[in-house]
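These notes concern the structure reproduced below.
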Amino acid sequence: MNLSPLARFVRDLGRATGAAETAVLGPAEAPETDGRVRFLAYVGLVDLLADASVPNDPEAAVRALSEWLSAVRSTEPTLRFALFERSSLTESRELVARMRGRDIALTSEWMLPRLRQDIEAYRARIAALRAALARVPEEGRR
Amino acid sequence: MTTSIEILASDRAILLGARPDVDGSDLASLLLERGRAIVERSIEERVPEDLPVEERIGRLRDLLARKAASVAVHRFEILAGRERALRAEEAERTTYEQHLELEKDVVPPLKLEAKALRAEIRTLEEEARRRGIDPDRIEPRIDWPNTLAVDAYERPQYETNESRRQAAVRFFRRTLRA
């Protein structure tokens, strides 16, 4: 089926598994934040696609626009949830990795050297105790 | 402020394919100009059927542009965030393996060795007292409060699929015998 450019764009909105290759447009004058600028650019992009896609017949135009709007509205909750879920998962993974990284650093840089130092001291103490015991025989062997 | 805008390359390709008349080198300014013009207009969520058809088309186009743009930004964030998600997954896996190696293969032998040596010191000190020697006069002494307390340490038991299977078999054997 030969879809119009806007119909293809609307269909692809629900596909958040495609290529993540991005294109950088610009430069442009924009006092807004990155997210806002991207939103405004997409508003413009959709409107330009509409110029090339909306049928000339007014009633057909209303039908097509209503269908696309309805398709976009039905896509939004799924995508919003997917975004929330993926960001939460990523953030929790980053948090776990950070916490574990601290734990690993604490173990490697503090606990292991302390344990090795303790073991060295224990061995020296044991050698000294054995030497002292060797100088004083057991009662039964006197 | 001069800025650049990042969008999905596939979206840019659809636009340039549909609008060969659009100048790709000045696309950012064109999109922003169009976008601002639409967003600055007051939004009408309702599109009553008794409105003149041209007005209905205008309202629908504005609504569609805003809504589709909002969804497109979500999709951009999901797809562009995939790189970060992969890095987070890798960091989580790597730190898990490092942590497991430390807690399974490196720390337990040292703690068990320290525990055994501490017990041996106590036995030897007891023996010294029994023979009339004051162990506190034997050097080097241990500064116990400054050592790591490992006397109650037990090696952690890590379950494997095989160990879980064997435990299940033992459980059912006991149950069947009873």
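Each reported figure results from applying straightforward, stated rules to the coordinates on display, with no laboratory input. These numbers were taken from a predicted model, which means no experiment stands behind them. Please note: Cβ atoms are built from the backbone with ideal geometry, for glycine as well, and neighbour counts cover all protein chains shown.
Values as computed for the structure displayed
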{"quantity": "Helical mean residue ellipticity (222 nm; -39500 (n - 2.57) per DSSP H run of 4+; nearest 500) of chain A", "calculated": "-25500 deg cm²/dmol"}
{"quantity": "Per-residue average of Cβ from other chains inside 10 Å of B:129-137", "calculated": "3"}
{"quantity": "Computed FRET value (nearest 0.05) for B:Glu159 with B:Thr94, which takes r as the C-beta separation and R₀ as 22 Å", "calculated": "0.50"}
{"quantity": "Cα gyration tensor shape for segment A:7-95, rounded if a/c is under 1.5, else prolate or oblate", "calculated": "oblate"}
{"quantity": "Per-residue average of Cβ from other chains inside 10 Å of B:88-95", "calculated": "6"}
{"quantity": "Potential lengthening between B:Arg141 and B:Arg170 on full extension [0.36 nm per residue; Cα-Cα distance subtracted]", "calculated": "5.6 nm"}
{"quantity": "FRET efficiency, 1/(1 + (r/R0)^6) with R0 25 Å, evaluated for A:Asp57 and B:Glu33 via beta carbons", "calculated": "0.30"}
{"quantity": "Approximate spin-label separation B:Ala13-B:Arg84, in nm, with each point projected 7 Å along Cα-to-Cβ", "calculated": "2.5 nm"}
{"quantity": "Square roots of five times the Cα gyration tensor eigenvalues for segment B:109-177, Å", "calculated": "43, 16, 7"}
{"quantity": "Degrees between helix A:34-53 axis and first principal axis of chain A (Cα, 0 to 90, nearest 10)", "calculated": "30 degrees"}
{"quantity": "Estimated inter-spin distance, A:Ala131 and A:Glu29, nm [label 7 Å along Cα→Cβ]", "calculated": "8.6 nm"}
{"quantity": "Whole-Å distance, taken between Cα centres, linking segment A:64-95 and segment B:27-43", "calculated": "23 Å"}
{"quantity": "Efficiency of FRET between B:Glu40 and A:Ala105 - r from beta-carbon atoms, R0 56 angstrom, step 0.05", "calculated": "0.60"}
{"quantity": "Relative contact order [Cα under 8 Å, 6+ residues apart], segment B:2-86, whole percent", "calculated": "25 percent"}
{"quantity": "10 Å Cβ neighbours from other chains, averaged over peptide B:77-85", "calculated": "6"}
{"quantity": "Listed peptides B:69-81, B:152-164, B:29-41, B:13-25 by packing density, highest first (mean Cβ within 10 Å)", "calculated": "B:69-81, B:29-41, B:13-25, B:152-164"}
